[in-house]
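What follows is one structure encoded as structure tokens, with my remarks underneath.
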Amino acid sequence: MDRFIQTFGKGLYVVFMALVVVYLVFPVLVMIPISFNEINDLRFPPVGFSFRWYEAFANDPVWVHALFTSTKVAFGTVAVSATLGTLAAMGLFQCRSLMRAPLQGYMLSPIVTPVVVLAIGVFMVFSRWGIAGTIPGLIIAHSVLAIPVVIVAVLTALQTMPPNVVPAATGLGGSRLRVFFRIELPLLRPGIFSGAVFAFITSWDEAVISTFLTAPATKTLPVLIWGGVQTGLSPIIAAVGSIMVTLTALAFVVVWIFRTRKAA
Amino acid sequence: MTIAANPETAGERGGLLRRMARANWLLLALPALAFFSIFFVYPLIDIAMRSLQGGVVNYERIFGTTLYVRVVMTTFEMALIVTVCCLVIGYAYAYALSATGGYLQVFLTLALLLPFWVSVLLRTFAWLVLLQNTGLINQGLLALGLIDAPFQLVRNKFGIAVGMVNILLPYMVLPILSVMKGIDPKLMLAARISGASYLRCFFRVYLPLTLPGIISGCVLVMTLSLGFYIVPAVLGGGRDTMIAQLIADQITRQVNFSFSSALAVTLMLFTGIVFALFALSLRLAKKRLGG
């Protein structure tokens with residue numbers, strides 16, 4: 001009897017886990033087949049097969065403009081957050097004083113701040129400064145969210161760096177700048193790179209702050225999707241969503257390859 | 001280039017250079033610190049100042065109006081439901097991850113982390129498609145003859161919970177997993193050999209050992225879920241408004257900056273209180289384990 005309960009329990013557990021995996025992955029994957037629907041409905045399983053919603057996306061100037069805006073903002077965010085985040089992570093890593101823990105907490109706190117709170121704060125302040133609704137404004141706001149992501153990635157890379165290379169290089173007479181550009185930066189490149197990719201995704205997906213900060217001329221893709229979800233479910237959203245999911249997966253794969261190649 | 005950080009020469013030239021080399025870290029962190037002070041902390045201060053425009057009237061209005069008190073209650077109710085669901089599912093998932101190896105472990109890790117990097121908005125959108133009356137789940141149940149009419153799966157608390165648990169699960173699994181990895185399997189074996197039943201073994205040995213992970217996971221999920229905006233806005237109904245939606249609505253629809261700010265401060269305060277409570281219990285749990 002005890003044996004039966006044990007086997008039965010184990011079977012139940014396996015089934016439960018399989019269901020959880022489906023629950024986690026299904027909503028991400030379901031987007032792709034839905035986007036190939038032939039009819040004007042988000043049917044799954046899809047009816048027929050067509051690229052008509054991708055064509056509709058490509059032929060709609062509003063969506064195309066949003067695609068460009070999103071890309072510009074994301075690359076801007078990567079530039080700002082990768083620079084500031086990498087420097088900050090190196091600073092934190094070198095810091096040996098009691099200040100380190102509170103400083104690190106301070107610099108990672110945007111991650112746990114409710115994004116709506118951040119959104120209204122930034123909206124009110126940026127409106128006063130006249131940068132609400134502009135692309136630089138969006139880049140700055142997204143960077144607040146992206147810098148902590150870069151810091152985490154670079155800190156992880158720093159922790160795996162051999163500890164004595166920097167003293168060795170300086171001991172051999174390298175200047176501080178030379179050591180930074182010739183030794184530290186190359187060693188940290190995988191960490192900075194994955195941080196930059198995650199920063200890109202953070203900006204590329206950001207919807208809440210962007211809805212507050214965009215003017216009609218600077219709408220990003222998530223802002224348009226957000227509007228679309230509220231007014232009516234068009235299969236164009238599924239097509240855009242599929243493109244975004246594919247891009248995210250690609251970024252993930254690139255980071256993965258980069259990391260394993262470095263380890264090899 | 002003129003400042004050689006060579007430790008020997010720096011030492012010869014006296015303490016100043018040495019001190020500068022040591023203070024270097026501050027210089028490196030300075031740009032990010034300045035950036036956060038201007039674009040992160042200052043907006044938060046601005047919110048706090050605005051919320052106090054005209055004294056505490058805004059706060060009186062929040063806690064004196066049945067409608068707003070109900071929103072706060074709904075927020076906590078949803079946070080609690082989501083935390084409990086995440087704990088049950090996440091604990092089992094973390095155990096599976098810690099007990100398996102090889103390809104299965106890689107597969108389980110990918111299934112957990114790949115959706116993590118897909119935007120919350122898109123996943124919520126997918127749930128709306130799946131859960132609506134004409135969606136896959138209702139159509140499937142209808143086709144199987146299990147139900148006669150479509151179930152109302154969205155525009156209610158059930159829909160919100162499905163969407164939020166889906167997004168927050170990794171935040172529960174990862175802290176628990178990190179604790180589970182550090183547990184010596186011999187402990188369980190010893191308890192079994194000493195004659196404890198499976199259940200007793202789990203509840204008296206394994207569960208208490210994973211308590212720090214459980215608490216960390218719960219604090220993350222709970223504090224994050226208090227501020228959720230997109231999921232309740234898309235999957236919830238009119239009666240399930242959460243505080244984050246109220247904050248946004250007060251700006252976009254009512255254009256009431258000071259009231260919205262007061263709501264934001266209230267949300268931050270609640271988040272802080274929940275965090276402090278959990279931090280306290282984590283300390284207690286660790287003390288008990290250590291003693």
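Structure notes:
- Residues B:T266, A:T260, B:T75 arranged by fewest to most Cβ contacts within 10 Å: A:T260, B:T266, B:T75
- Dipole in debye (nearest 20) - the stretch B:65-290, about Cα centre, beta carbon charges: Lys, Arg +1; Asp, Glu -1: 740
- Between the beta carbons of B:A196 and A:A217, assuming R0 = 60 Å, the FRET efficiency works out to 0.30 to the nearest 0.05.
- Counting Cβ atoms of other protein chains within 10 Å of each residue's Cβ and taking the mean over peptide A:231-242 gives 2.
- With the simple model of a label 7 Å out from the Cα in the direction of the Cβ, A:F4 to A:F51 spans 6.0 nm.
- Mean separation of Cα contacts under 8 Å (6+ apart) over length of chain B, as relative contact order %: 26
- Here the spin labels are modelled as points 7 Å beyond Cα on the Cα-Cβ line, and at B:L269 and B:F203 they lie 4.0 nm apart.
- Separation in nanometres of the label points that stand 7 Å from Cα toward Cβ, at B:S37 and B:V106: 4.8
- Relative contact order computed over the stretch A:131-264 (Cα-Cα under 8 Å; 6+ residues apart), in percent: 32
- Tensor-based shape of chain A (alpha-carbon gyration tensor, a/c under 1.5 rounded, otherwise prolate or oblate): oblate
- Average other protein chain Cβ within 10 Å of Cβ, residues A:122-130: 4
- Shielding by partners, peptide B:125-134 (average Cβ within 10 angstrom, other chains): 6
- Helix A:61-94 vs. chain A, principal-axis angle (Cα, 0 to 90°, nearest 10): 30
- Anisotropy class of chain B from Cα gyration tensor, a/c 1.5 cut: oblate
- Normalised by the number of residues in the stretch A:13-103, the mean separation of alpha-carbon contacts (under 8 Å, six or more apart) gives a relative contact order of 12 percent.
- For peptides A:232-240, A:149-157, sequence by mean Cβ density within 10 Å, most packed first: A:149-157, A:232-240
Where a number appears in this text, it was derived from the coordinates with a stated rule and is not lab data. Remember, predicted model here, so these are calculated numbers, not experimental data. In this analysis, Cβ positions are derived from the backbone assuming ideal geometry, glycine residues included, and neighbour counts consider all displayed protein chains.
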